[in-house]
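Student: The following block contains the structure, expressed as structure tokens.
No value in this document is a laboratory result; all are computed from the given coordinates. Here the structure is a predicted model, which means the values were calculated and not measured. Methodologically, a virtual Cβ is constructed for each residue, glycine included, from the backbone with ideal geometry; neighbour enumeration extends over all protein chains shown.
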Amino acid sequence: MSQKIIITGATSGLGLALVSRLKSAGFTPIITGRNADKCARIAADLDLPGYALDVANPNAITAVCARIRHDHGPIDGLINNAGIWLEGDFKTYSAADIRAVIDTNTTGTILMSHAILPDMLTRGHGTVINIVSTGALYCRKLISVYSASKWAIRGFTGCLEVESAPKGVRVMGFYPGKIASNMYETAGVGRDLDMAMTPDQAAAMVVTMLKDKDMLWSHVSGRSVQDYV
Ligand SMILES: NC(=O)c1ccc[n+]([C@@H]2O[C@H](COP(=O)([O-])OP(=O)(O)OC[C@H]3O[C@@H](n4cnc5c(N)ncnc54)[C@H](OP(=O)(O)O)[C@@H]3O)[C@@H](O)[C@H]2O)c1
């Protein structure tokens, strides 16, 4: 039977590329996204299940994950991909900006894992991949809160990796460099992405991590060769 993989933030960029790649590879991607219309349209176009889900809303996580389990039974994989960007001098951030980044990138990832991982551990089967960032591998200016949101997930992922592996469940992190997606534009930040990797290139790496069941791919990073030119 086709393996069911929940993807958060699957309505654009890396998440959407993952949906296509996983479908081609014989998985059943379960599309989720904060924009209900986009989510429904993509699900209908690709003939896949789709659910509106804002991961910054803890009640929505509980309700939607219960519905997905009811509709599809046990889940084989979760890719915590939903994320937002915040850039600029720390002093210019509003409290609302800060909360949105932490609620989405950090708490959203943790609560999604909390909703899905326990059943995987009980069954001794499953994979969780958290989309992190090179922003959680080193520090640089102007991304203090985005970086904090991802460093937290680096720690979370590493601890769950060692906690879950002996029980037959892989928890892994992917730490991409620049991806040519909507993320910066959505945040109102101009960015030259000519040298960035494509969402499809990044998705190919994640699908390899997911498929290679005998390996626990820890701290996997990658960027386009052009990014070094
Ligand atoms: N782009 C990069 O250079 C880069 C580098 C390193 C890591 N990453 C990480 O890669 C992941 C994917 O980002 P991307 O580059 O593909 O950006 P993207 O094209 O903006 O995609 C992000 C997705 O997350 C969704 N999303 C945002 N907030 C959400 C929420 N509260 N609940 C549910 N979905 C939500 C967005 O929905 P909408 O379609 O409604 O906007 C979108 O579908 C993120 O975790 C990001 O931090 C990106």
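Student: Hey, what angle do you get for helix 108-123 against the long axis of the chain, alpha-carbon based, 0 to 90 degrees rounded to 10?
Tutor: Once rounded, one gets 30 degrees.
Student: Work out, step by step, the length gained on full extension between Arg41 and Leu121: first 0.36 nm times the residue separation, then minus their alpha carbon distance; give nm to one decimal.
Tutor: On the way: separation 80, 0.36 × 80 = 28.80 nm, distance 3.31 nm.
This chain segment gains 25.5 nm when fully extended.
Student: Would you look at the GNM of the chain, springs on alpha carbons closer than 10 Å, and say which of Ser24, Ser149, Ser113 moves the most?
Tutor: Ser24
Student: Cβ neighbours within 10 Å, averaged per peptide: list 9-22, 50-63 in order, most packed at the top.
Tutor: Values: 9-22: 24.3, 50-63: 18.8.
With the highest mean Cβ count within 10 Å placed first, the list reads 9-22, 50-63.
Student: Let me make sure I get this right: for region 4-228, a, b and c are the square roots of the gyration tensor eigenvalues over alpha carbons, sorted descending. Under 1.5 in a/c it's rounded, otherwise prolate if a/b > b/c, else oblate. Which is it? Display every interim value, and only then the final one.
Tutor: Working: a/c = 1.36, a/b = 1.30, b/c = 1.04.
The shape class here is rounded.
Student: Given R₀ = 30 Å, FRET efficiency for Leu142-Ala204 by Cβ-Cβ distance, to 0.05? Present the calculation step by step, with values, prior to reporting the outcome.
Tutor: Details: r = 30 Å, r/R0 = 0.98.
So, using R0 = 30 Å, E works out to roughly 0.50.
Student: Where does each of 102-110, 164-172, 208-216 land if you order them by average Cβ count within 10 Å, highest first? Walk me through the numbers before you get to the answer.
Tutor: Numbers: 102-110: 21.7, 164-172: 18.2, 208-216: 13.6.
By packing density, highest mean first, the sequence is 102-110, 164-172, 208-216.
Student: Another one. For region 12-99, what does the alpha-carbon gyration tensor say about shape, rounded, prolate or oblate, given a ≥ b ≥ c as the root eigenvalues, a/c under 1.5 as rounded, and a/b over b/c as prolate? If you can, show how the numbers build up before the last one.
Tutor: On the way: a/c = 2.35, a/b = 1.69, b/c = 1.39.
Verdict is prolate for region 12-99.
Student: May I ask for the net charge around Val206, where only other residues with Cβ less than 15 Å from the Cβ of Val206 are counted and Lys, Arg are +1 while Asp, Glu are -1? Walk me through the numbers before you get to the answer.
Tutor: Values: positive: Arg21, Lys23, Arg170, Lys211, Lys213, Arg223; negative: Asp76, Asp200, Asp212.
The answer is +3.
Student: To the nearest 10 degrees, how steep is helix 36-46 against the longest Cα principal axis of the chain, on a 0 to 90 scale?
Tutor: Here the helix axis deviates by roughly 60 degrees.
Student: Provide the FRET efficiency to the nearest 0.05 for the Ala187-Thr28 pair, computing r from the beta carbons and using R0 = 41 Å. The partial results should precede the final answer.
Tutor: Details: r = 31 Å, r/R0 = 0.76.
After rounding to 0.05, the efficiency reads 0.85.
Student: Can you give the FRET efficiency to the nearest 0.05 for Met195 and Arg99, using r as the Cβ-Cβ distance and R₀ = 35 Å? If you can, show how the numbers build up before the last one.
Tutor: Working: r = 32 Å, r/R0 = 0.93.
Computed FRET efficiency for Met195 and Arg99 comes out at 0.60.
Student: Another question, then. Hey, in the GNM for the chain with a 10 angstrom Cα cutoff, which one of Arg191, Arg34, Arg123 fluctuates hardest?
Tutor: Answer for the Gaussian network model of the chain: Arg191.
Student: Do you know the relative contact order of region 1-153, to the nearest whole percent, from alpha carbon pairs under 8 angstrom that are 6+ apart?
Tutor: The normalised contact order for region 1-153 reaches 23 percent.
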